[in-house]
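Before any comments, here is the structure.
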Amino acid sequence: MARFYITTPIYYANDAPHVGTAYTTVNADALARWHRLIGDETKFLTGTDEHGQKVADAAAKNDQSPQEWTDLKSQQFRQAWEALDISYDDFIRTTEPRHHRAVQHFLQKIHDNGYTELGVYQGLYCVSCEDYKKESDLVDGLCAIHLRPVELLEEENYFFKLSAFGDRLLQWYEDHPDAIVPATKRNEALGIIKAGLDDISITRTSTKWGVEVPWDPAHVFYVWYDALINYLTAIGYGEDSERFEYWWPAVHHLLGKDIIRFHCVWWPAMCMAAGIEPPAHFFVSGWLLVSGEKMAKSGGNQVTPAAMVAEYGVDAFRYHLLRDTPLGADGDFSFEGVTARYNADLANNLGNLVARVSTVVGSKCGGIGPAPDPSSRLSAVAAEVVADTSAAWEAGQPHLALEATWRLIRETNAELETSEPWKSEPGPAVDAVLGSALEALRIVALLASPAMPATSAEIWRRLGLTGDPAQCRVPDDAAWGGYAGGLTVERGSPLFPRRKE
Ligand code: MSP
């Protein structure tokens, strides 16, 4: 059995989740669900990033202690993910003792290996990015990402000797050419490394809100320096070497393009410095933009996942996130776009097919689903769709996977329109057409289950099948002929009522 360990970035606990953070999380969830469906032993990790100045400032502004504030915020993230049917196996909070222990263990290793040194840092800092800026990074004196003023910081800090890792990183990426997907983002990471790496300040004395530096307790670690280590904490780093080695380094990190430098440059170097293998895979996603700007907690243009679920339903929202913005590209978020996709793919295609088939099975077969025709044209289409859908999920391309799955829906609708079983007398010919349509729907429910778990389970139930599509295995259970026939097919209310555009 193969293993699949997938992670999202851990989200800053400074504010509530929004559609942008939901985008990353839903993509990770769908990939995790796909891998469970093909029988991989899967571990899906998400969580909240709770240290750092940004979080401490947000707590102070709300008259709470950082701990009270992060308790509340991490709970909001959990609730948002629950409403989106996110099937994480572990939710990590960086304030947890297990994380503090792992961070101290990891960084003590880096220190013992001679890759830290004490120095004075003076530089510009963007609290929203939790990152240092060069003058050349600024636009009109403001952070180019957040369009906010930066602060001048001067502190005695420990530095990580990142500059020692340039050649090793380049060599590692040469040996692992597919580590970063898509290739444009790989080039971006290589560009950063080739431009030359400065040592980075990794501790703070100005705040106590962080993980204490084990060899100098006057310092706490800089938030990014503790955050990245969460990926190790969750698999027992420093405490359970068997578990750790079972999952590491074959991890798949999903991350947004704004945090390439931290994940694809710092993080592998940190791993090398601590004496472990760098993470094997990075999927870099783009941003959801609203009128050309990144949807962001600090930007005021955020839409909450709860509002989207209330408006469209959880699976329609998930489908939109997965279908409309290819992983790696930027996407435009608009209510018009979501509605158009909903009507085209969900109301007209999928919803219509389910309604049609169940209605005609009701009128022509007394509501009992017939068995599929082994020689139906749809059987070849289904085999091709299963192969294409699988290849696209495997490549981390949910939008292509769904496009492939929807081909089977369209072809089945077309088949019904050609044969018009509703106009024929009941009999073997009608049974063959309807049985095949039911079988196609069963396969669609299976293939779409990583994207739309609740809808797939509902289609499954309406077809008279027992259990849950998520308990099946692809490709075996997606082979033509799995629908036995003789089951009671339910005519339910429309799955996706058409919406006004
Ligand atoms: N806390 C750090 C990550 C530490 S991981 C060790 C962080 N948090 S964040 O909450 O600001 O962002 C987390 C992720 O959400 C990033 O990958 C970011 O790209 C993604 N997104 C934030 N806004 C987004 C959009 N508008 N669109 C798509 N992804 C978005 O960075």
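The values are calculated or read from the model by the stated rules, or taken from the named source; none is laboratory data. Computed from a prediction, not measured in an experiment: that's the story for all the values here. Positions of Cβ are backbone-derived with ideal geometry, glycine not excepted, and every protein chain shown enters the neighbour counts. To get the accessible areas, we keep the full protein, side chains included, count just its heavy atoms, and leave off ligands, DNA and RNA. Shrake-Rupley method; radii C 1.70, N 1.55, O 1.52, S 1.80 Å.
Spacing of the modelled spin labels on ALA2 and THR205, each 7 Å from Cα toward Cβ, amounts to 5.1 nm. For region 334-488, just say rounded, prolate or oblate: build the C-alpha gyration tensor, square-root its eigenvalues into a ≥ b ≥ c, call rounded for a/c under 1.5, and beyond that prolate if a/b exceeds b/c, oblate if not. Prolate shape, in that a/c is at least 1.5 and a/b is the bigger ratio. The label-point distance for ARG148 and GLN75, in a model that sets each label 7 Å from Cα toward Cβ, rounds to 2.5 nm. Between the listed residues ALA32, ALA16, LEU378, the Cα displaced farthest toward the positive end of the dipole of the chain, a dipole computed from Cβ unit charges relative to the Cα centre, is found at LEU378. Per q in 0.18, 0.19, 0.20, 0.30 1/Å, what log10 I(q)/I(0) does a Debye calculation on the alpha-carbon atoms of region 73-120 return? The Cα Debye sum returns log10 ratios of -0.70, -0.73, -0.76, -1.06.
Under the rule a/c < 1.5 gives rounded, and otherwise a/b versus b/c splits prolate from oblate, where does region 3-309 land using the Cα gyration tensor?
Working: a/c = 1.25, a/b = 1.06, b/c = 1.18.
Note, shape of region 3-309 comes out rounded.
For SER493 and ASP137, FRET efficiency with R0 = 51 Å and r from the beta-carbon atoms, rounded to 0.05? With R0 = 51 Å, the Cβ-Cβ based efficiency is 0.40.
The dipole here belongs to region 329-469: it is taken about the Cα centre, uses +1 on the Cβ of Lys and Arg and -1 on the Cβ of Asp and Glu, and is about 440 debye. Are there cysteines in the chain with no second cysteine's Cβ under 4.7 Å away, and if so, which? When partners are defined as cysteine Cβ atoms under 4.7 Å apart, the chain leaves CYS264, CYS271, CYS365, CYS472 without one. Once you reduce region 143-195 and region 235-251 to the center of their Cα atoms, the two points are 25 Å from each other.
Which number comes out as Rg/Rh for region 180-259 once both Rg and the Kirkwood Rh are worked out on C-alpha atoms? My calculation puts Rg/Rh at 1.04. Ordered from largest to smallest accessible area (heavy atoms of protein chains, 1.4 Å probe), the residues TYR121, TYR231 come out as TYR121, TYR231. Under the classification rounded if a/c is under 1.5, otherwise prolate if a/b is larger than b/c and oblate if not, where does region 251-406 fall, given a ≥ b ≥ c as square roots of the Cα gyration tensor eigenvalues? It is oblate, given that a/c is not under 1.5 and a/b is not larger than b/c.
Projected over every direction and averaged, the convex hull enclosing the alpha-carbon atoms of region 1-158 yields 12.2 nm².
Counting only DSSP H runs of at least 4 residues, each contributing -39500 (n - 2.57), and dividing by the residue count of the chain, the helix-based mean residue ellipticity at 222 nm comes to -13500 deg cm²/dmol.
Accessible area per residue was computed with a 1.4 Å probe on protein heavy atoms; THR455 scores about 20 Å².
One compactness figure for region 123-272 is 1.12, namely its Cα radius of gyration divided by 2.2 N^0.38 Å.
Shown here is the pair-distance distribution of region 451-501: with all Cα-Cα distances grouped in 5 Å bins from zero up to the longest one, the shares run 4, 17, 22, 25, 15, 8, 4, 3 percent. Dividing the Cα radius of gyration of region 243-331 by its Kirkwood radius returns 1.09 for Rg/Rh.
What's the ranking of 250-257, 37-44 by average number of surrounding C-beta atoms within 10 Å, highest first? If you can, show how the numbers build up before the last one.
On the way: 250-257: 20.0, 37-44: 18.5.
The peptides rank, most packed first, as 250-257, 37-44.
Taken as Cα centroids, region 36-99 and region 205-225 sit 20 Å apart, rounded to the nearest whole angstrom.
Determine the share of the chain's accessible area contributed by carbon and sulfur atoms, expressed in whole percent, with a 1.4 angstrom probe. Please list the in-between numbers first.
Values: 9870 of 19780 Å².
Answer for the chain is 50 percent, counting heavy atoms of protein chains only.
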